[in-house]
Amino acid sequence: MTEKSFLDFGIEVRHSSGEEDTTCPQCSESRRNKRARCLSVNIDKGVWTCHHCGWSGGLGTGEQSRPVITKTWRRPQYQPERISPSEEAVRWFATRGITKEVMERNRIGVCNAYFPQLEDRANAVTFPYLRGEEVINVKYRTKDKHFRMEAGAERVLYGLNDIGEELIWVEGEMDKLSVEVAGFTSCVSVPDGAPTPNTKNYDSKFDFMGAPELSKAKMHIIAVDNDEPGARLEDELLRRLGRDTCKVVRWPEGCKDSNDVLKKHGPDVLRECIEAATWVPVEGEHEVDEYSDSMDRLYRYGMPKGLRTGWYGVDDYYTVMPGEWTLVTGVPGHGKSEWLDALAIQLAMNEGWVFAVFSPENQPTEYHLSKLAEKYMNKPFSEGPTERMSPAEKDQAMGFLQSHFVFLLPELPTVEALIERLKSIVRRRGVRGVILDPWNEIDHTRPSGLTETEYISQALSKFRAFARNTGVHLWIVAHPTKLQKEADGSYPVPTPYDVAGSAHWRNKADNCIAVWRDTKEHNDLVEIHVQKVRKKSVGRPGLVTLKYQRITGNYYEHSGPYAKAARS
């Protein structure tokens, strides 16, 4: 059967994952508001429903079919009524501090465009998004701040042609033009602004990070808005671009962005603000004053908290904090890798996280994918006494895994090689979780004269610095040394001090967890021993018992008010 994409059904989607609303090919053309986004599309599942005419469907249920998200972008038919801005537009831009010369260099035009939110046409200025001489997208803006971009066109950075070795990042087209008035042309604006505070899965909003033009930039100056969404955008850009390559700009009191500074203080002050950008603290010795901005943000927006695991009982003791790393240990066969996979699936489902996974023990990758698919669909992958997932459900699971998991299989997986590869993936895919399973599959060839204890200390310090600098959460699975059985033949619960190599495992880890089963009882109960939690805002030491479902590899609450609670 031929693979199908959304375009085969006349559906235009802008992103490669998540959910979005778009026009309905069945009813939009017959409606007064032809651009009404009445069709809700779940891209990961390959399904859609129209809230106006009721049309619904999917990408296919045949044995050979699967969701195929083909990024086919429409090129705008950009023909503004005036390429040169009108006198009225020039006067309006002048009130914002933008000169006619800057408008003309950036090809600002004017036209009468349709705005779905107004259900009518309105006069608007146009900001063409260019790659070379080709118009990739266009943003339309009215005087009273109604915006729209071309449907089905690629979301790229505004200012691709201007990227140089030192690149300034802002949050809107007016801000980019303002920076140019101040004398800096190497500046880009993100196409969709900053993610709102309640947005969880915004990976697709950063597709622009794959632009090949960005390879020209060696140093980045982050000059986004001084508000909560801007703080979130700054954090994500620092995480993806690498804190060691970034400076940040702080605006004067009472100014939210570069255009505010230009209007209130003029181009000289704006230039001084950008030239005064400071390097982002990474590690080493720092003065207290360096943290005044971040402390102000903590005071205004609150201390960060860890993310829920998906098990209420576990959340009482352990949550997932970006920028930290967790040691997971356990007796072989007790389910530490299985539990970690289940945790990753739940974070991907509930928080939209993308994971990079190094797991040589779960090879071939198809085997690992089948286990993850079982957890996602909560049905077995293979034939057996229990109803297995259907071909359509298998395809749905594969689409989800494609959006949320990347697998690492380097030929020589040294600590340094893994970190370099991971930095690249964080930038391109927005990875938020990294799993290294297990530690002993990494190449640990160490220089002569360096003891195993010294080597492990240095290696863990490198991984810890990587997690902190990129804002990912890192899980390292490490086996304990050979444990002595108890008198009844069972193994004791291992601790971080039992992990082969060094006591540094407990000292350097932010969190330590042991997964343990009482094999004498022959039941499906699994104990999650939270043995160390560095920050009280993340959790506390304690014990949680979960019930393991062998058919799918999922874990459920065992007792108390959360027993049998569904994943949430």
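The number of residues in the range 375-392 that are within 22 Å of Leu59 (Cα to Cα) and open to solvent by 40 Å² or more (accessible area, probe 1.4 Å) comes to 6. Would you call Glu393 of a type outside the set (S, T, N, Q), under 17 Å from Asn469 (Cβ atoms) and in a helix (DSSP H, G or I)? Answer is no for this residue. Could you tell me whether any residue of the range 506-517 is open to solvent by 40 Å² or more (accessible area, probe 1.4 Å) and over 23 Å from Gly323 (Cα atoms)? Checked the range 506-517: at least one residue is open to solvent by 40 Å² or more (accessible area, probe 1.4 Å) and over 23 Å from Gly323 (Cα atoms).
Pairs are defined by a Cβ separation below 7 Å, a sequence spacing of at least 6 or placement on different chains, a first member in the range 153-167 that is within 19 Å of Gln77 (Cα to Cα), and a second member that is at pLDDT below 95 and acidic (Asp, Glu); the pairs so defined are Arg155/Asp192; Arg155/Asp207. Among the candidates Thr309, Thr326, the residue that is within 23 Å of Leu460 (Cα to Cα), touching a Leu at 6+ places or on another chain (Cβ under 8 Å) and either open to solvent by less than 10 Å² (accessible area, probe 1.4 Å) or without any contact (Cβ under 8 Å) to a residue 60 or more places away in the chain (or both) is uniquely Thr326.
Taking the residues in the range 264-304 that are part of a loop (DSSP other than H, G, I, E, B) and surrounded by 13 or more Cβ atoms within 10 Å (Cβ to Cβ) as candidates, determine which candidate is nearest to the chain's Cα centre (by Cα).
The selected residue is Pro304.
I need a count of the residues in the range 17-49 that are modelled with pLDDT of 75 or more, more than 22 Å from Lys205 (Cα to Cα) and outside any loop (DSSP other than H, G, I, E, B). Number satisfying all stated conditions: 1. The residues of the range 524-536 that are open to solvent by less than 50 Å² (accessible area, probe 1.4 Å) and in a loop (DSSP other than H, G, I, E, B) amount to a single one, Asp524.
Going by what's in this entry, would Val261 be described as among the β-branched types (Val, Ile, Thr), in a helix (DSSP H, G or I) and in contact with a Cys (Cβ under 6 Å, 6 or more places away or on another chain)? Yes: the conditions hold for Val261. What strands (runs of 3 or more DSSP E), lying completely within the range 108-161, carry at least 2 residues that are touching a helix residue (DSSP H, G or I) at 6+ places or on another chain (Cβ under 6 Å) and over 22 Å from Leu7 (Cβ atoms)? Fully inside the range 108-161 and qualifying: 120-131.
With the requirement that a residue be of a type in the set (S, T, N, Q) and buried (at least 20 other Cβ atoms within 10 Å of the Cβ), what does the range 470-501 give you? Passing the criteria: only Thr470.
Matching residues to (1) open to solvent by 10 Å² or more (accessible area, probe 1.4 Å); (2) at pLDDT 95 or above:
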site: Ala356; (1), (2): no, yes
site: Thr365; (1), (2): yes, no
site: Ala373; (1), (2): no, yes
site: Lys394; (1), (2): yes, no
site: Pro413; (1), (2): yes, no
site: Arg428; (1), (2): yes, no
site: Val434; (1), (2): no, yes
site: Pro438; (1), (2): no, no
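The lone criterion from (1) of a type in the set (S, T, N, Q); (2) over 24 Å from Cys38 (Cβ atoms); (3) in contact (Cβ under 8 Å) with a residue 40 or more places away in the chain left unmet by Thr185 is number (3).
Would you mind finding the one in Tyr317, Tyr299 that is in contact (Cβ under 8 Å) with a residue 60 or more places away in the chain and farther than 23 Å from Thr552 by Cβ? Show your work before the answer.
On the way: Tyr299 fails: in contact (Cβ under 8 Å) with a residue 60 or more places away in the chain.
From the options Tyr317, Tyr299, the qualifying one is Tyr317.
The single residue among Glu88, Glu101 that is outside any strand (DSSP E or B) and modelled with pLDDT of 90 or more turns out to be Glu101.
The values are calculated or read from the model by the stated rules, or taken from the named source; none is laboratory data. Computed from a predicted structure; not experimentally measured. Cβ coordinates were reconstructed from backbone atoms using ideal geometry, including for glycine residues, and neighbour counts include every protein chain displayed. What goes into the accessible areas is simple: the full protein's heavy atoms, side chains included, and nothing from ligands, DNA or RNA. Shrake-Rupley method; radii C 1.70, N 1.55, O 1.52, S 1.80 Å.
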